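The values are calculated or read from the model by the stated rules, or taken from the named source; none is laboratory data. As the structure is a prediction and not an experimental result, all values here were calculated from the model. Cβ placement follows ideal geometry from the backbone for every residue including glycine, while neighbour counts extend to all protein chains displayed. Quick note on the areas: whole protein, heavy atoms, side chains included, nothing else; ligands and nucleic acids left out. Shrake-Rupley method; radii C 1.70, N 1.55, O 1.52, S 1.80 Å.
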Amino acid sequence: MGGHVGGRWLDTAPAYGLGHAEELVGRALADLPEPDRPYLFTKTGLVWNEGDDRTGPPHRIVRPDIVRGELEASLRRLRVDHIDLYQVHWPDTGEVFVYGADGTASGAATPLEEYWQVMADLKKEGKVRAIGLSNHDVAQLTAAEQIAHVDAIQPPFSAINRSSAPEIAWAKDNGTGVIAYSPLQSGLLTGAFTADRKLSADDWRSGHPDFTTNLSANLALVEALRPIAARHEVSVAGVALSWATAWPGVTGAIVGARTVAQIDGWIGASALELTATDLADITTALTETGAGTGPANT
């Protein structure tokens, strides 16, 4: 998204479509003059081999050789000479993995200190402008900060999933940006999801508590957001997004969409400022419905 509709960056990753998403972004932006391009954010640490089952999940491996190899591949796919924000997708889990045709197998988890040092080196080399950590906890963020400044974090955060509040507070105290992902909780906070909607068996949401045992509480929260949306003449999604970005320490939010109509439903949230009354009403709704986890306010 460009600045024309309120977006200032594109966040992608090699794991999205196993390279396909980055290729699409690279083609889409190839003819845009540099001043008109959004900032490009991508990630490292979710990898696959060409012979892997493409329906299975990528491997959470953050070896230094993989970080460097993935960066070069991302630069090629995105058709750029640097990445504006390069992020570690997940901590290393120590899976046995062979990277490349002549790579070596390793089953030991790479210590955070090792992969974060490589990220810091890439920043010094100018191949990335800023470095970040996604899905890392406070202890891991604190350890990384001893090596090099954590420019940004990317935690899941929404009115339903508020469990990353400690990481956001850490970021606020350490001058670190926060890019919240899943602020609409995979569609639950759009206002379009209903109790009688049937999800297909291969949809991961069909077995997730947010869409099963906790669905009633979550939809009750959505109903409580409707009067606030009406007051501002915006969508429920716009209110949910504005709430997430109003949380102290949150810099911005990444929102997924499959259609232009979905984007039109929430893009105006960047200009919406919830009032103290709005925020108090949402806190009350979170408390009374029991929706989600984490603190209802700061």
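Could you work out how far helix 276-289 tilts from the main Cα principal axis of the chain, as a 0 to 90 degree angle to the nearest 10?
Once rounded, one gets 90 degrees.
How large is the helix-only mean residue ellipticity at 222 nm for the chain, computed as the sum of -39500 (n - 2.57) over DSSP H runs with n ≥ 4, divided by its residue count, in deg cm²/dmol to the nearest 500? Write out the running numbers ahead of the final one.
Numbers: 9 runs with 105 residues, N = 298.
Result for the chain, helices only: -11000 deg cm²/dmol.
For P227, what charge total do you get from the other residues with a beta carbon under 13 Å from its beta carbon, if Lys and Arg give +1 and Asp and Glu give -1?
-2
Hey, rough spin-label estimate for R205 and I254, points 7 angstrom out along Cα→Cβ, what's it come to in nanometres?
1.9
Can you compute the FRET efficiency between K198 and A30 using 1/(1 + (r/R0)^6), with r the Cβ-Cβ distance and R0 = 51 Å? Round to the nearest 0.05. Please report the intermediate quantities before stating the final value.
On the way: r = 41 Å, r/R0 = 0.80.
Given R0 = 51 Å and the Cβ-Cβ separation, E is 0.80.
Quick one: pull the percent of accessible area on the chain belonging to carbon and sulfur, 1.4 Å probe, ligands and nucleic acids left out.
53
If you count, for each residue, the other Cβ atoms within 10 Å and average over each peptide, how do 194-207, 174-187 line up from highest to lowest? Intermediate results must be reported in sequence, preceding the final value.
Details: 194-207: 9.6, 174-187: 20.9.
Averaged packing, sorted descending, gives the order 174-187, 194-207.
Considering only protein heavy atoms, what per residue accessible area in square angstrom results for region 112-266 with a 1.4 angstrom probe?
On the way: 6920 Å² over 155 residues.
Here the per-residue accessible area is 45 Å².
Can you check what the net charge comes to around Y181, using other residues whose Cβ is under 14 Å from the Cβ of Y181 (Lys, Arg +1; Asp, Glu -1)? It would help to have the intermediate numbers written out before the result.
Values: positive: K43, R162; negative: D11, E167.
Computed value for this residue: 0.
At 7 Å along Cα-to-Cβ for each site, give me the label-to-label distance between E125 and E273 in nm.
It is 4.4 nm.
Going by alpha carbons, how many degrees (0 to 90, nearest 10) lie between the helix axis of 20-29 and the longest principal axis of the chain?
With rounding to tens, the tilt is 80 degrees.
Given contacts defined as C-alpha pairs under 8 Å and at least six residues apart, what's the relative contact order of region 118-248, whole-number percent?
Once divided by the residue count of region 118-248, the mean separation gives 21 percent.
In nm, give the distance between the simple-model label positions of D137 and R8, each being 7 Å from the Cα along the Cα-to-Cβ direction.
3.2
Under 10 Å from the Cβ of P38, count the other residues' Cβ atoms, weight Lys and Arg +1, Asp and Glu -1, and hand me the total.
-1
Report the extension gain between H82 and E114 in nm, rounded to one decimal, defined as 0.36 nm multiplied by the number of residues separating them, less their alpha carbon distance.
Full extension of this stretch gives 9.3 nm more.
For the chain, calculate the relative contact order in percent as a whole number, restricting contacts to Cα pairs under 8 Å that are 6 or more residues apart.
14
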